[in-house]
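Chemist: One structure coming up, written as structure tokens, with questions to follow.
Computed from the coordinates by the stated procedures, all read-outs in this text should not be read as laboratory data. This is a predicted model, so every value here is computed, not measured. Please note: Cβ atoms are built from the backbone with ideal geometry, for glycine as well, and neighbour counts cover all protein chains shown.
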Amino acid sequence: MIQRIMFPIFLIISQSVHADELQKRGYILNANGKECRFEQETVDGSHYFSNSLKSNIAVLSFTDPKCMKTDGVNEFVNISQINKAVSRWYSHSDAKFKTGQNDLVEANGLINVGYCMMSETYKSIAVSIDYQIENGAFTKVVHATGNADFC
């Protein structure tokens, strides 16, 4: 008998759709099913992703800096978990963002740091995203709405 291992995706405590209405606190389940709590704040008019473009960004900070590990398979699963949570705050529910680590597009063009997470449904929509890693774990995630043409 083949046993199926299911990784829980994530649980959003309160649903938010638009980047200007981001969830301020919540958790994302890591690769081991542990709740990794976060706090999130927005920064208006930032040059974080581009020297030439200003954008409003969000900074998601994990309250336990060791919860989202980057070793082995944890990195792939945790990036996907983070991306699935972040992508819910952008566009419509049917946007179907490509959330896997191998699906991300490295920044180039007008975006000069991080990655672009592309929508399968809306080809012009993307989320700019950058991961900050300290001591073998994701500690912060910076993200902003993006345009696929800038990636």
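Chemist: Suppose every Lys and Arg Cβ carries +1 and every Asp and Glu Cβ carries -1, with no other charges. What dipole size does segment 33-151 come out with about its Cα centre, to the nearest 20 debye?
Modeler: Value, rounded to 20: 180 debye.
Chemist: Taking R0 as 22 Å, what FRET efficiency do you get between Leu53 and Phe76 from their Cβ-Cβ distance, rounded to the nearest 0.05?
Modeler: Here the calculated transfer efficiency is 0.15.
Chemist: I've got another one for you. Choose one of Thr99, Leu22, Ser46: the residue whose Cα lies farthest towards the positive end of the charge dipole of segment 22-150 (beta-carbon charges +1 Lys, Arg; -1 Asp, Glu; about the Cα centre).
Modeler: It is Leu22.
Chemist: In whole Hz, what ³J(HN,Hα) sequence does segment 39-50 give by Karplus (6.51, -1.76, 1.60; θ = phi - 60°), x for Gly and Pro?
Modeler: 10, 9, 9, 10, 10, 7, x, 8, 9, 4, 8, 8
Chemist: Roughly what angle does helix 73-87 make with the longest principal axis of the chain, taking Cα atoms, 0 to 90 degrees, to the nearest 10?
Modeler: The two axes meet at around 50 degrees.
Chemist: Taking amide hydrogens as modeled 1.01 Å from N in the peptide plane, which residues meet the under 5 Å criterion relative to Met68, leaving out close sequence neighbours?
Modeler: Hits under the 5 Å cutoff: Phe138.
Chemist: Would you kindly state how much longer the chain becomes between Glu35 and Ser93 on full extension, computed as 0.36 nm times their sequence separation minus their alpha carbon distance, in nm to one decimal?
Modeler: 18.6 nm
Chemist: If each DSSP helix of 4+ residues adds -39,500 (n - 2.57) and the sum is divided by the residues in the chain, what number results at 222 nm, nearest 500 deg cm²/dmol?
Modeler: Result for the chain, helices only: -3500 deg cm²/dmol.
Chemist: Looking at Asn78, Asn32, Tyr131, which one has the Cα that reaches farthest to the positive end of the dipole of the chain (charges on Cβ: Lys, Arg +1; Asp, Glu -1)?
Modeler: Asn32
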